[in-house]
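Notes follow the structure.
The values are calculated or read from the model by the stated rules, or taken from the named source; none is laboratory data. Being a predicted model, the structure only gives us computed values, none of them experimental. Cβ coordinates were reconstructed from backbone atoms using ideal geometry, including for glycine residues, and neighbour counts include every protein chain displayed. Note: areas computed on protein heavy atoms with side chains; ligands, DNA, RNA excluded. Shrake-Rupley method; radii C 1.70, N 1.55, O 1.52, S 1.80 Å.
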Amino acid sequence: MCYLCGKFNTTIMKKLILVFVSVVATFAAAAEVHVTIEHPETWRVSDLAPYVGQTVIFDTPMIVTSNWKYLYVSPRRIFSPTNQELPASEAYYNLLSLNSNGSLPLYNVDDYHRLGEKIYNLKAQVAANSLTFISGEWRGNTRADLEASLPEVNIRDTHTLLVCGANLEYYLAEQFDSPGPRDYEEHQKQRAKVSKALAKINADIYGLVEVQQGDAAMKEIAEDLTKNTGREFAYITDKSGANGTYTKSSFVYCTDVVETVGAIQEIEAGVKNRKKMQAFREKSSGEVFIFSINHFKAKSGYGTGSDADQGDGQGGYNASRVAEAKAVLAKYESFSKLLEDKDILIMGDLNAYAKEDPITTLIGGGMTDLHRFFHADSSYSYVYRSEAGYLDHALCNPTMLPQITGMNAYHINSDENDIYTYDSSDDLSMFRCSDHDPVLVGLRLKAVSDVDLTAVGVNSWEVYNENGDMYVRNAAGMTSPAYYRLFTIDGRLLDQVAISEEVQRIERPMQAGAYVVIVYYAGMTYKFKVIIP
């Protein structure tokens, strides 16, 4: 009897264990809630409130927005409000509010990840104001990605000249001081990182800012480029011959490809020795253009009067930066008349984001913002307190615009953690050689008679409804990058997508009703109203 009871109990126990395991497995599967973020552009951390205490899998990729101490993630890149919207506008304040509640810490990640890396199928435990990482697929914007190739500058044609604008973050070759290398050993580490980056880019002309006054630093940079690229580089000496630890802006160029035309032009307004123009002639074509490299007054410090921080997102000394922008335009007018050549490319660290007054002043003076022209509002070259934007600009006048093949920022610096600077580590790679990304512009210079100014604004897009599906069509087969934004009729943003096909289906399922689609292409916007029956 006991034997039979024992046998019976064992059988029952096995069945109970199987049932228990099945229940646990079912519970575990049920606990893995799939979360799709329908509107990444307006998502807030508070939207996760229903999932607190649960394990979730995000069907929407999450993006690293901060990598200082802990990783922070969001379904969107966090941009500086004045990079996207006009200062003190309603849209500016809306974005300011979204940014304040737009990302949250991701714990339990030990390996290094750069800003902008995406996590696909992120599985995490949700707490009130954080996520704990369980698993996920990391993709994109890694060091390996950037080492594999330079960013694309042949977006609408093949370049014959490559121009680079770069802030070198206090490159000192002598009279060491802080900020900048404090001694020779630190300088040699800074030199190793900078020389690797500039050689990798291998541009034909470099406009450099935050380089030590005098000739020692520029001479060293030119010699390193010659050694590391096998091409002959020269530098342009200071007009004033000034020497010291304070920094300047100037040019290094490949003498095999270009030659200077006339003397370097100093723009005296505002901070001295930081706004310069030089004309260059491409030897193969004989064509001339003006290159303006600039470093406007910084936002830091306490300005007074019109230079005081107005609380509109533009920081201090905005009036001084506007005056510097006007001075650049004035110098361009006089210098271009002297040269009898209108083509100009303006680059440099202007210490102002895309929608701030100094930039709108340049645009009002006839210049085109090449970041916006080629990349809508997705460009950045600098990250401050986890907000991306571009202080490092590339603009040009109407005759120069058709001669630009493309532009891009090379994200070797802004997405890196500061622990990899030359004064904080022994990392001698090109990564985090500065706090700003270099900006690259491709040129294919042409005679004025060969420039087609009418082609820039051609409406080459169609948006239409077919059998309940919505499509955007690249009717003329244009090659510049384009984006579309989908809005409800009352202005609520539903989606933003890069256009990658000649005929591209707008994937988002939509109910019957009216919608607005805006296509951003080549600095232009095209608005369409579509009815879904």
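Suppose the chain between Glu137 and Asp426 were pulled fully straight at 0.36 nm per residue; how much longer would it get relative to their current alpha carbon spacing?
So the chain would gain 101.1 nm between Glu137 and Asp426.
Could you give the C-alpha radius of gyration of the chain expressed as a fraction of 2.2 N^0.38 Å, taking N as the number of residues it contains?
Taking N as the residue count of the chain, the ratio is 1.14.
If one computes P(r) from the Cα atoms of segment 105-246, what percent of pairs lie at distances over 20 Å?
Result: 62 percent of Cα pairs exceed 20 Å.
Dividing the Cα convex hull volume of segment 329-434 by residue count, how many Å³ per residue is that?
129 Å³
Please calculate the 1.4 Å probe accessible area of Lys123, with all protein chains present, and give it to the nearest 10 Å².
Approximately 50 Å² of Lys123 is accessible to the 1.4 Å probe.
Provide the packing ranking of 105-113, 185-193, 404-412, i.e. peptides ordered by the mean count of other C-beta atoms within 10 Å per residue, highest first.
Packing order, densest peptide first, comes out as 404-412, 185-193, 105-113.
Express in Å², to the nearest 10, the accessible area of Tyr51 obtained by rolling a 1.4 Å probe over the protein heavy atoms while all chains stay in place.
60 Å²
What does the charge add up to near Asp469, with Lys and Arg as +1, Asp and Glu as -1, over the other residues with Cβ less than 10 Å from its Cβ?
It works out to a net charge of -1.
Taking amide H atoms as placed 1.01 Å from N in the peptide plane, list the residues 5 or more away in sequence, or in a different chain, whose amide H sits under 5 Å from that of Ser66.
Those qualifying (amide H under 5 Å, at least 5 residues apart or on another chain) are Tyr72.
Along the principal axes of its C-alpha atoms, what lengths does segment 145-226 span, in descending order and rounded to whole Å?
45, 27, 22
Can you give the Rg and Dmax of segment 194-266 based on its C-alpha atoms, in angstrom?
11.8, 32
Dividing the alpha-carbon Rg of segment 40-140 by 2.2 N^0.38 Å yields what?
With N residues counted in segment 40-140, Rg over 2.2 N^0.38 Å equals 1.09.
Long-range amide H contacts for Val261: which residues qualify at under 5 Å (H placed 1.01 Å from N, peptide plane, sequence gap of 5 or more or a different chain)?
Under 5 Å from the amide H of Val261 lie the amide H atoms of Ala279, Phe280, Arg281, each far enough along the sequence or on another chain.
Would you mind putting 53-61, 345-353 in packing order, based on average other-beta-carbon counts within 10 Å, highest first?
Ranking the peptides 53-61, 345-353 by packing returns 345-353, 53-61.
Across segment 285-357, how large is the tail of the calculated P(r) beyond 21 Å, expressed as a percent of all Cα pairs?
37 percent
Return the long-range amide H neighbours of Ala173 (sequence gap of 5 or more, or a different chain), with a cut-off of under 5 Å between placed amide H atoms.
For Ala173, whose amide H was placed from the backbone, the distant partners under 5 Å are Gln212, Ala217.
How large is ³J(HN,Hα) for each residue in segment 53-59, as worked out from phi by the Karplus curve 6.51 cos²θ - 1.76 cosθ + 1.60 (θ = phi - 60°), to whole Hz, x for Gly and Pro?
In residue order, the calculated couplings are x, 9, 8, 10, 10, 7, 6 Hz.
Stokes-Einstein D for segment 245-393 at 20 °C, 1.002 mPa s, Kirkwood Rh over Cα pairs, in µm²/s?
Translational diffusion coefficient: 131 µm²/s.
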